[in-house]
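Below is one structure, written out as structure tokens, with a few remarks after it.
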Amino acid sequence: MDLTWSEFERVEMRVGTIVEVDDFLEARKPAYQLIIDFGAVIGIRKSSAQITKRYTKEELKNRQIVGVVNFPKKQIGRFMSECLVIGAVGEEGDVILLAPDFKIENGLRIG
């Protein structure tokens, strides 16, 4: 089923910087808990991401990513995920994060 342009416009994708990364030990599949700064208007959001195959915690800290900030919150164990980090999923389930080529202002909208 195709999306209409107005439906696509409702998806709020923004640039954010990962400011903290922790192992998510309670997750069923290997994952990290991320704290992401989406700028002054959106603020700080938490997310869980199954990106441990491609990225170390050190590689993720201070990295800019693209995330969806207007999905409903999702409870994952005792952790509340507040946004969805966007990535391409490879054949073996590994995720390659989408990110800007250059450092830009946190909170800028993708459109």
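What follows draws every value from the coordinates through simple rules; no lab data is involved. This is a predicted model, so every value here is computed, not measured. Note that each Cβ is placed from the backbone with ideal geometry, even for glycine, and that neighbours are counted across all protein chains shown.
Labels on offer are (i) 7.8; (ii) 18.7; (iii) 7.2, and the one holding mean projected area of the Cα convex hull in nm² computed from this structure is (i). Using only side-chain charges placed at the Cβ, +1 for Lys and Arg and -1 for Asp and Glu, the dipole size of the stretch 10-104 relative to its Cα centre rounds to 300 debye.
The GluC sites (Glu not before Pro) of the stretch 54-99 that meet both conditions, a loop assignment by DSSP and at most 13 other Cβ atoms within 10 Å of the site Cβ, are Glu91, Glu92.
The length gained by stretching the chain between Lys61 and Ser6 to full extension, at 0.36 nm per residue less their Cα-Cα distance, is 16.4 nm. Measuring nothing but how far apart in sequence close Cα pairs (under 8 Å, 6+ apart) lie, relative to its length, the chain scores a relative contact order of 31 percent.
The local environment of Lys74, defined by Cβ-Cβ distances under 11 Å, has a net charge of +1 under the rule Lys, Arg +1 and Asp, Glu -1. Across the options Leu25, Gln64, Gly39, the greatest Cα extent toward the positive end of the charge dipole of the chain (unit charges at beta carbon of Lys, Arg, Asp, Glu) belongs to Leu25.
Annotation: lysines with alpha-carbon distance below 28 angstrom to Lys74 (same-chain offsets under eight excluded): Lys29, Lys46, Lys53, Lys57, Lys61. Annotation: amide H of Ile76 within the under-5 Å range of Ser81, sequence separation 5 or more or interchain, hydrogens built in the peptide plane.
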